[in-house]
1. Using only the alpha-carbon atoms, how far is helix 39-50 inclined from the longest principal axis of the chain? Give it as 0 to 90 degrees, nearest 10.
2. Which trypsin sites (Lys or Arg not before Pro) in segment 38-69 sit in a loop by DSSP (not H, G, I, E or B) and have at most 10 other Cβ atoms within 10 Å of their own Cβ?
3. Could you calculate the contour length gain from residue 1 to residue 31, that is, 0.36 nm times the residue separation minus the distance between their Cα atoms, to one decimal place in nm?
4. Helix 2-34 against the longest principal axis of the chain: what's the angle in degrees, Cα atoms only, rounded to the nearest 10?
5. Give the accessible area for residue 68 in Å² (nearest 10); use a 1.4 Å probe, count only protein heavy atoms, and leave out ligands, DNA and RNA.
6. Measuring with a 1.4 Å probe in the full set of protein chains, what accessible area per residue, in whole Å², belongs to the chain?
7. Angle check, please: helix 54-65 long axis (alpha carbons) against the longest principal axis of the chain (alpha carbons), in degrees 0 to 90, nearest 10.
8. Please report, to one decimal in angstroms, the Kirkwood hydrodynamic radius of the chain built from all distinct Cα-Cα pairs.
Amino acid sequence: MINEKANRLQDSYNLIVDVHKYVDDLIVEAKNIDGGFSTKQIANIVQSVFGENSYDIAFSYILNKRGLL
């Protein structure tokens, strides 16, 4: 039981770290292509790669980076 909870927490943590890194990479690449994407566009791209829960993680992370949260 405890191992299962620990594994779920680790999976959640890994998802957050992976999403943050992917968002950072997308922002850099987007600036080179079109001058950037909107927060919603980036969050949608992240969601298509990482699944449903990643949208909120990405959206919050981007707002935080922009000082809006």
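The values are calculated or read from the model by the stated rules, or taken from the named source; none is laboratory data. Predicted, not measured: the structure shown is a model, and the values here were computed from it. Here the Cβ positions follow ideal geometry from the backbone for every residue, glycine too, while neighbour counts run over all protein chains shown. With ligands, DNA and RNA removed, areas are computed over all heavy atoms of the protein, side chains included. Shrake-Rupley method; radii C 1.70, N 1.55, O 1.52, S 1.80 Å.
1. 40 degrees
2. On the way: sites: 40, 65, 66; in loops: 66.
Answer in residue order: 66.
3. Numbers: separation 30, 0.36 × 30 = 10.80 nm, distance 4.53 nm.
Length gained between residue 1 and residue 31: 6.3 nm.
4. Taking Cα atoms only, the helix is inclined about 10 degrees.
5. Approximately 120 Å² of residue 68 is accessible to the 1.4 Å probe.
6. Working: 5010 Å² over 69 residues.
On a per-residue basis, the chain sits at 73 Å².
7. Approximately 60 degrees, to the nearest 10.
8. 12.6 Å is the Kirkwood radius here.
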